[in-house]
Each structure stands twice: as C-alpha cells, then as structure tokens.
Ligand code: GLV
Ligand code: GLV
C-alpha cells in the first residue's frame, strides 16, 4: 500500500505529479486546520507532510500519530514547533541554500524600488500623470556608495552584501549573533552593535530568522535610532518587527521609507495603513518566488520527504538529532 502524504499550500505541479505516483497524496490549500474534517482525517493517517507554512503545533501533532516527517518548502521554519517534533522523533526539513540568491535579488529589488520610488512613479506614468518638466517631487535617493546595515549575516545576508559591495560600492555594516570574519574579508563588512548599526545605516535590512529572540526586535525605539533619511527593508518575517511602530515611524517621518516582503498578517488586512503609504513598497512574500527557485525548492522538499519515509537521512534536516537517535 502506498504511504499517505499530506501536501499543503505549495508544492510545484511537476513535483506533486511525481509524488502522486509514489505516494497516496492529498493536497490541501488554506484550510481551517483545527476544524476541517477532511484535513483532520487525512492528518490522522498521514506519514509525511510536505508544503508551505502549515502551523505544526503540539495540538496538530496530537492528531497525527503516524507522522514521520514534516518537509517545509521554505528556508524559514517558524511554522514548526521544533522541540515538540524532536521529542516525538519526527524529522523536520527545510530548503536552504537554493533560494539564497533569489531572496537576495528580491531584497535588492526592494532597496532600489524604495530608494528610487519605482512603484510610485510607475503608477504616476500609467495613470497619465507624467508632466514635464520633472522636478524634485520625482527625486529619489542614491543607493550606490551608501551604507547598508544588514541584521542577520547568514547566507542570505552575505548574498545581499555581495550585491551591495561589488555591484553598488556600498559600505557594509552588519549585526549577527556571531561575528562573521568571512564576510568582513570578502565585503569589507564591519560588525556593529545593533544600536550603532541603526544609527549609521542609510539602508537597514532585516534578514534574520524569526525566533523567540528576534520576535519584535525592531520597534519604536529602534526606528527612532535610525536616520530620518533611512530606508528600512524587511525580508525576514513580519513578526520580527512591531508593524504598528513601523507605521508610526513612517507617519512621523522618523524614517524615509520602507520595502516589505513580509507582514504581521499575510495577506494584509485591507485597512492596514501601509496600503495607502506611497513610501512603503510592498510585495506579497515573494522572496523566493521565481520559476527556477520554487521548482528547485519543491524538488528538494520532495527529496527530503522520500528519504524520511524510506528510512534514509533527509539531505537538509533541521533536527538531525532525530536521525542520530533513530539509528
Ligand atoms: C520564505 O519566506 C522562506 O522561508 O523560504
Ligand atoms: C545569522 O543570521 C546569525 O544571526 O548568525
């Protein structure tokens, strides 16, 4: 009998088609995971979960007694109760590395868009409001030769620094849990305490994972420490900042603008003030969303799933101790 697999929200079609040949797969999208009876019944029988951002809580695990692996189609795994998975010997996997350059491109797109007001001016052109001569109300600010502060110098942070240093002659400051001598050497990056980084950067880029330690790490106080000409970019998770404090900082002119790919609530509520702010550039959490990268992520997630269900070690485990214990 084929093993039962639950696919959730995002597995690219060619990969899903292949998985359906190997497993008994059911695909669910945005269901009410606490109450949807179809979902809960399948969860009760399933041995593997593959997909995007299913909240895997203790309560959910209580209803999934046969589960052996949760394979995230994402690098972030703040949707998982990792200690609980590990306690139950359930493997958890993510899709690191293959999305690094794609996410760094997205972040750079937000930097350029916010600095040069590209979405706002695009709208102006298309709505028939391009009038000559152009004046200061069209001006942006330079990106090249400015100072970029990166909070979270992991792999994606380093890929952003690479673009900034080699492509835009920017000065790189960074803040991370650990110092990163490699980044210091390759990009002339300098370590700063958070407060110093915030005060010295023209662009502040947040790219740290969401953890209990980073939740809400950028709020009222931190926005006040930034230059009033600063542009703030969030490519991590909505909850690493206090969104209402960001909105207040934009309203009061404590910072000049922002570029956001992630939000406290996704999709955003239609009454979110960010929706009517021209100096807030927004994208709907598309950091890794290119054809090439999404397909590669789904493929890696499928590889992890297959391994986990056949007793081999999944290539990119988040909790390798589960594997070590099993052997
Ligand atoms: C996207 O946000 C990811 O974690 O891969
Ligand atoms: C990476 O993001 C780190 O904080 O070391």
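The values are calculated or read from the model by the stated rules, or taken from the named source; none is laboratory data. Remember, predicted model here, so these are calculated numbers, not experimental data. Ideal geometry is used to build each Cβ from the backbone, glycine not excepted, and the neighbour counts take in all protein chains shown.
Cβ separations smaller than 9 Å between residues 6+ apart or across chains give no pair from the range 166-181 residues that are in contact (Cβ under 8 Å) with a residue 60 or more places away in the chain to residues that are part of a strand (DSSP E or B). Filtering the range 34-43 to residues that are in a loop (DSSP other than H, G, I, E, B) and within 16 Å of residue 67 (Cα to Cα) leaves nothing.
If the condition is being in contact with a helix residue (DSSP H, G or I) (Cβ under 8 Å, 6 or more places away or on another chain), on the phi > 0 side of the Ramachandran plot and in contact (Cβ under 8 Å) with a residue 60 or more places away in the chain, then the range 110-158 contributes only 117.
This table checks each residue for (1) under 23 Å from residue 260 (Cα atoms); (2) out of contact with any helix residue (DSSP H, G or I) (no Cβ under 6 Å at 6 or more places or on another chain); (3) in contact (Cβ under 8 Å) with a residue 60 or more places away in the chain.
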site	(1), (2), (3)
11	no, no, yes
38	no, yes, no
64	no, no, no
91	no, no, yes
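Per-residue answers, yes or no, for (1) modelled with pLDDT under 95; (2) touching a strand residue (DSSP E or B) at 6+ places or on another chain (Cβ under 9 Å); (3) over 30 Å from residue 90 (Cβ atoms):
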position: 236; (1), (2), (3): no, yes, no
position: 242; (1), (2), (3): no, yes, yes
position: 256; (1), (2), (3): no, yes, yes
position: 264; (1), (2), (3): no, yes, no
position: 302; (1), (2), (3): no, yes, no
position: 325; (1), (2), (3): yes, no, no
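Could we say that residue 161 is within 16 Å of ligand 2 (Cβ to nearest atom), touching a helix residue (DSSP H, G or I) at 6+ places or on another chain (Cβ under 9 Å) and either more than 23 Å from residue 282 (Cβ to Cβ) or at pLDDT 95 or above (or both) here? Judged against the criteria, residue 161 is a match.
When the residues of the range 282-301 are filtered to those that are buried (at least 17 other Cβ atoms within 10 Å of the Cβ) and closer than 17 Å to residue 239 by Cα, the one that is farthest from ligand 1 (Cβ to nearest atom) is 282.
Looking at 215, 193, 182, which is the one that is within 16 Å of ligand 1 (Cβ to nearest atom) and surrounded by fewer than 15 Cβ atoms within 10 Å (Cβ to Cβ)?
The match here is 215.
In the range 260-281, of all residues being more than 19 Å from residue 248 (Cβ to Cβ) and within 17 Å of the chain's Cα centre (by Cα), the one that is surrounded by the fewest Cβ atoms within 10 Å (Cβ to Cβ) corresponds to 267. Looking at the range 155-168, can you tell me whether even one residue there is within 24 Å of the chain's Cα centre (by Cα), within 23 Å of residue 256 (Cα to Cα) and within 16 Å of ligand 1 (Cβ to nearest atom)? So far as the range 155-168 goes, yes, one or more of its residues are within 24 Å of the chain's Cα centre (by Cα), within 23 Å of residue 256 (Cα to Cα) and within 16 Å of ligand 1 (Cβ to nearest atom). In the range 182-262, counting only strands (runs of 3 or more DSSP E) that sit wholly within it, the ones holding 2 or more residues that are within 16 Å of ligand 2 (Cβ to nearest atom) span 203-206, 231-234.
For the range 2-33, a residue qualifies if it is part of a loop (DSSP other than H, G, I, E, B) and in contact with a strand residue (DSSP E or B) (Cβ under 8 Å, 6 or more places away or on another chain), and the qualifying residues are 2, 3, 9, 10, 11, 23, 29.
Here is a list: 11, 33, 25. Which entry is surrounded by 15 or more Cβ atoms within 10 Å (Cβ to Cβ) and modelled with pLDDT under 95? Of the residues listed, the single one that is surrounded by 15 or more Cβ atoms within 10 Å (Cβ to Cβ) and modelled with pLDDT under 95 is 33.
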